[in-house]
Amino acid sequence: PSPKPLQPNGTSEEALRCEIKELKQKELALDREIAQLLSEGYSLEELDKHISLLHEYNEIKDAGQMLLGKLAVIRGVTTKQLYPEYDLELSD
C-alpha cells in the first residue's frame with residue numbers, strides 16, 4: 001500500500017478528517033448547551049457578558065499567579081508557601 005499523503009505540517013489527511021469530525025461534535029454539543037441556557041431564560045447578551053467577565057477574571061488571575069511566582073523566586077520559597085500569607089486558598 002502506498003503511504004498516505006501528508007499535509008504541509010506532516011499531518012495525514014485522515015487525522016485532519018478525524019479532527020474536523022471531533023470539532024463538529026463539540027460545536028453541536030455547545031449549540032445544545034446554548035439552547036438549554038436560552039430555554040432556561042438566559043439571553044445571548046447575558047451569556048456574552050458572562051464569558052467576557054470570565055476571560056477578564058482569568059487574565060487577572062494569570063497576572064496574579066505570575067506575580068506570586070516571581071515573589072516566590074525572590075524569597076526562595078514555593079508559590080504554595082505564599083498562599084497563607086495573602087489569605088489565599090489553594091483552590092484560588
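Structure notes:
- Helix 44-75 axis versus longest C-alpha principal axis of the chain: approximately 50°, rounded to the nearest ten.
- Probe 1.4 Å, protein heavy atoms only - accessible area per residue of the chain in square angstrom: 88
- Longest exposed-site-free window of the chain, the sites being GluC sites (Glu not before Pro) in a DSSP loop that have at most 11 other C-beta atoms within 10 Å: 41-88
- Between 0 and 90 degrees, the angle of helix 13-39 with respect to the longest Cα principal axis of the chain falls at about 60 degrees.
- Counting only DSSP H runs of at least 4 residues, each contributing -39500 (n - 2.57), and dividing by the residue count of the chain, the helix-based mean residue ellipticity at 222 nm comes to -23500 deg cm²/dmol.
- Overall, the range 43-91 carries a charge dipole of about 440 debye about its Cα centre when +1 sits on the Cβ of Lys and Arg and -1 on the Cβ of Asp and Glu, all other atoms neutral.
- Count, lysine Cα pairs under 30 Å in the chain, 8 or more residues apart or across chains: 11
- Accessible-area ranking of Tyr57, Tyr83, largest first, probe 1.4 Å: Tyr57, Tyr83
- Estimated FRET transfer efficiency when R0 is 30 angstrom, pair Asp87-Asn58 (beta carbons, to 0.05): 0.90
The values are calculated or read from the model by the stated rules, or taken from the named source; none is laboratory data. Note that the coordinates shown come from a computational prediction; the quantities given were computed from them, not determined experimentally. Quick reminder, even Gly has a Cβ in these numbers, built from the backbone with ideal geometry, and neighbours come from all protein chains shown. With ligands, DNA and RNA removed, areas are computed over all heavy atoms of the protein, side chains included. Shrake-Rupley method; radii C 1.70, N 1.55, O 1.52, S 1.80 Å.
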